[in-house]
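Visitor: Quick one: the structure is below, questions incoming.
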Amino acid sequence: MKRTIKRITMTCTALILLTTAIGISRPELTEAASVKKPFYDISASYAEEAILRLYKNGIVSGTSSHYFEPGKKLTRAELSTMIVRALRLIPVKNDLSPFLDMKKTDWYYGDIHALVNLEMMKGRSTSRFEPQSAVTREEAAAIMTRMLKTSPPAVTSPSELPYYDSERISAWARSSVAKVTELGYMQGDNHLFYPQRSLIRAEAAVLIDRILETPTVKNALRMKPVNKVQLGWQYDSTTAQFEQQVLSSGINTLSPRWFFLDEDNLVKSNVEQRLINFATTHKLDIWGMVGNRSDAELTHRILSSPAKRELLVQKLVSSASNYGLAGLNIDFENVKPEDRDYLSAFIASLYPKLKSNGIILSIDVSPDLGSSWTAAFDYEMLGKNTDYVILMAYEEHWNGSTNPGSVSSLPWLKSGIQKLMKVMDKEHIIVALPTYTRDWSLADPIKGSYDITLQRQGQIYSSNRRALHWDSICSQYTLTYTNTGSKRKIWTEDSRSLSAKVRLSEQLGVAGYAYWYMGSETKDIWPAINNTRIYENYRFQLD
């Protein structure tokens, strides 16, 4: 067979060269060459058109250079790759993974984790994904409903399904089977669904093609996510390091620690022209951070004096204007409860003066805890007198807490955002996410615990892979391990947990994101966050 094909190919090549040489136009040869099929074994397949369409769009490939093998069972890894390509996502090589049967060097690792981050694909168990296992038809139905964000009908009895073999459909898959049947994506054969039968590559191609050819799906996939604020704070890094951190991320707004309250001059400036030039070159915004170093007494002395307060306002407006900054970011922490009105007055005076100069004002706030730590924040007033309120959605369990726990669990984050939404428009809220976590001592949480970067977290994980477990309530992995005889625990932040936070935030419609702090993250979180924003903005309109 191969020799015959080779002879035909050589003959056609020679004929084309000959006709070109003597100046004879042969359009039929050009046409034949342009429609040459990529696979030798699909001509007799019912899935031929679907396979060719998907191949043309880069969604499927063959099992070898010239063979598709339409009758071969589809693996979970292959389906993951098809979905990632169909949804125009990118592979994510998660730094943390609970699956012991995969390595980062596996060709499918990034595709599988891109979908695990979005809760689209799940392991066959807590520690095994089984990437090379075949996909069953009922499993494919469940995956498709999750992929398309549909709402399957509640099916309580097999008799509600239109198949003779409904009794064989697993209870967990019945609603999904009902949904894909309703949508016309999977309909079985002669009133049989064959739920336990392995999906073959031809069936998978037809299934994905049907979905992608649906007008509302096709339109949704053309949409791009709205450009939102993506702010990164500089901390513990040089300007050169910060520049590299920005270039390797999706950050569009830089917030260097340039201004601090000062006893003698009211504000001390550390502006670097190099970073301004960098931002200009790369078309990025700078919101210079104005901090108080958590100095409650100094903050009180400046804000409680009307004269000092107004002079501080003038100096900040002048600095932001002279340096051509796009905005200022006020980061006053540990402000006394009795200084609440002074802080509000300062912001109310600063905002219109910046606005008249086309400069954005944002302020960092902790979630409303009803405690002395947040008593200084008049959230409603701050929402009216700033362009953005940045919710520092971390320190749920803080360093020095007697109770070990998550730095930012998903329910806690949701509560914080929803409280803000009661007093200000969602378009004014930026959610600040942690790119760090805490390594807790379970024996002595107050004295034996400390913050760690996500890079350090990965190093600990690499020696304790079997200790990683997903906490579905917090939407985080936990990692419990022993170090020098002492039991320790980490509530991790990683691509999967941050994807969950961004999914929630996108669903709530926030204005953007900030990250504390640049340089402490692992590089996989940026494609994971980008995927999440793309996927959450798809509106398939199938319900």
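The values are calculated or read from the model by the stated rules, or taken from the named source; none is laboratory data. The structure displayed is predicted, hence computed values, not measured ones. Here Cβ is always computed from backbone atoms with ideal geometry, including for glycine, and neighbour counts include all displayed protein chains. Note: accessible area is taken over every heavy atom of the protein model, side chains too, but ligands, DNA and RNA are not part of it. Shrake-Rupley method; radii C 1.70, N 1.55, O 1.52, S 1.80 Å.
Visitor: Check each of the chymotrypsin sites (Phe, Trp or Tyr not before Pro) in region 46-122 and keep only those in coil by DSSP with at most 10 other C-beta atoms within 10 angstrom; list them in order.
Guide: Filter output for region 46-122: 107.
Visitor: Starting from the eigenvalues of the Cα gyration tensor, five times each then square-rooted, give me the equivalent ellipsoid semi-axes of region 410-543, largest first, whole Å.
Guide: Gyration-tensor ellipsoid for region 410-543: 30, 17, 14 Å.
Visitor: To one decimal place, what orientation-averaged projected area in nm² is obtained for the convex hull of the Cα set of region 42-197?
Guide: The orientation-averaged projected area of the Cα hull of region 42-197 comes to 10.0 nm².
Visitor: How much space per residue, in cubic angstrom, does the convex hull of the C-alpha atoms of region 325-379 take up?
Guide: Spread over its residues, the Cα hull of region 325-379 gives 69 Å³ apiece.
Visitor: Between 92, 108, 79, whose Cα lies farthest towards the positive end of the dipole of region 72-113 when Lys and Arg beta carbons carry +1 and Asp and Glu beta carbons carry -1, centred on the Cα centre?
Guide: Of the candidates, 79 comes out farthest on the positive side.
Visitor: For the pair residue 171 and residue 226, how long in nm is the line joining their label points, each one 7 Å along Cα→Cβ?
Guide: 4.2
Visitor: Using a basic spin-label model with each label point 7 Å from the Cα along Cα→Cβ, how many nm lie between residue 100 and residue 244?
Guide: Distance between the two pseudo-spin positions: 3.7 nm.
Visitor: So if I restrict to the alpha-carbon atoms in region 144-191, what is the Rg, and what is Dmax, the biggest pairwise distance, in Å?
Guide: 10.1, 28
Visitor: Which chymotrypsin sites (Phe, Trp or Tyr not before Pro) does region 134-204 hold that lie in a coil by DSSP with at most 12 other beta carbons within 10 Å?
Guide: Loop-located and lightly packed - 164.
Visitor: Give the accessible area for residue 125 in Å² (nearest 10); use a 1.4 Å probe, count only protein heavy atoms, and leave out ligands, DNA and RNA.
Guide: About 50 Å², rounded to the nearest 10.
Visitor: On to the next question. Fully extended, how many nm does the chain gain between residue 133 and residue 462 (0.36 nm per residue separation, minus their Cα-Cα distance)?
Guide: So the chain would gain 115.9 nm between residue 133 and residue 462.
Visitor: To test your reading of the geometry: what angle, between 0 and 90 degrees and rounded to tens, separates the Cα axis of helix 2-21 from the longest principal axis of the chain?
Guide: The answer is roughly 80 degrees.
Visitor: Moving on to the next point. To test your reading of the geometry: what angle, between 0 and 90 degrees and rounded to tens, separates the Cα axis of helix 137-147 from the longest principal axis of the chain?
Guide: 40
Visitor: Of the accessible area of the chain, with the probe set at 1.4 angstrom, what percent is carbon plus sulfur?
Guide: 51
Visitor: Okay, next question. Which value, in Å² rounded to 10, gives the accessible area of residue 267 with a 1.4 Å probe and all protein chains present?
Guide: Rounded to the nearest 10, that gives 20 Å².
Visitor: In whole Å, largest first, what are the principal axis extents of the Cα atoms in region 130-237?
Guide: The principal-axis extents, from largest down, are 63, 33, 30 Å.
Visitor: If you count only protein heavy atoms with a 1.4 Å probe, what accessible area per residue comes out for region 347-492, rounded to a whole Å²?
Guide: 43
Visitor: Calculated from DSSP H runs of 4 or more alone, at -39500 (n - 2.57) each and per residue, what is the 222 nm mean residue ellipticity of the chain, nearest 500?
Guide: Calculated mean residue ellipticity at 222 nm is -11500 deg cm²/dmol.
Visitor: On full extension of the chain, what length is gained from residue 539 through residue 301, given 0.36 nm per residue of separation minus the C-alpha to C-alpha distance?
Guide: Gain on extension, residue 539 to residue 301, equals 80.5 nm.
Visitor: Please get the size of the charge dipole for the chain, origin at its Cα centre, with Cβ charges of +1 on Lys and Arg and -1 on Asp and Glu, quoted in debye to the nearest 20.
Guide: Once rounded to the nearest 20, the dipole reads 1720 debye.
Visitor: Kirkwood hydrodynamic radius (Cα pairs, Å) of region 293-392?
Guide: Its Kirkwood hydrodynamic radius stands at 13.6 Å.
Visitor: Alpha carbons only, please: Rg and Dmax for region 320-464, in angstrom.
Guide: Rg then Dmax for region 320-464, in Å: 17.7, 55.
Visitor: Moving to a separate point now. Scan the chain and report its longest stretch carrying no trypsin sites (Lys or Arg not before Pro) that are both in a DSSP loop and have at most 10 other Cβ atoms within 10 Å.
Guide: So the longest stretch without any such site is 104-282.
Visitor: Show which lysines lie in cross-link reach of residue 37 when reach means a straight Cα distance below 29 angstrom and same-chain residues fewer than eight apart are skipped.
Guide: Once the sequence-local lysines are set aside, what remains near residue 37 is 2, 6, 56, 72, 73, 218.
Visitor: In addition: Report ³J(HN,Hα) in whole Hz for each residue of region 407-416, in order, from the Karplus equation J = 6.51 cos²θ - 1.76 cosθ + 1.60 where θ = phi - 60°; Gly and Pro get x.
Guide: For region 407-416, the Karplus curve yields 6, 6, 7, 5, x, 5, 4, 4, 4, x Hz.
Visitor: Which one of 504, 461, 359 is farthest out on the positive end of the charge dipole of the chain, using unit charges on Cβ (Lys, Arg +1; Asp, Glu -1) and the Cα centre as origin?
Guide: 461
Visitor: Note the full-extension length gain between residue 164 and residue 472 as 0.36 nm times their separation in residues minus their Cα-Cα distance, in nm to one decimal.
Guide: Using 0.36 nm per residue and subtracting the Cα-Cα distance, I get 107.3 nm.
Visitor: Could you go through region 446-451 in sequence order and give the Karplus-derived ³J(HN,Hα) for each residue, using 6.51 cos²θ - 1.76 cosθ + 1.60 with θ = phi - 60°, rounded to whole Hz, and x for Gly and Pro?
Guide: Result, ordered by residue: 6, 9, x, 10, 7, 6 Hz.
Visitor: Per 10 Å bin, what is the whole-percent P(r) computed from every C-alpha pair distance within region 289-332?
Guide: All Cα pairs, binned at 10 Å, distribute as 26, 52, 22, 0 percent.
Visitor: Moving on to the next point. Going 7 Å from the Cα of residue 326 in the Cα-to-Cβ direction, what parts of region 332-361 have a backbone nitrogen less than 19 Å from that spot?
Guide: Inside the label zone: 354-361.
Visitor: Here's a follow-up. Do you know the relative contact order of the chain, to the nearest whole percent, from alpha carbon pairs under 8 angstrom that are 6+ apart?
Guide: Normalised by residue count, the contact order of the chain is 14 percent.
Visitor: What percentages, rounded to whole numbers, describe P(r) for the chain computed over all alpha carbon pairs with 20 Å bin width beginning at zero?
Guide: Using 20 Å bins, I get a P(r) of 18, 43, 28, 10, 1 for the chain.
Visitor: With the calculation restricted to Cα positions, what are the radius of gyration and Dmax of region 237-366 in angstrom?
Guide: 14.9, 44
Visitor: For region 68-142, what ratio Rg/Rh do Cα atoms give with a Kirkwood hydrodynamic radius?
Guide: Expressed as Rg/Rh, it is 0.94.
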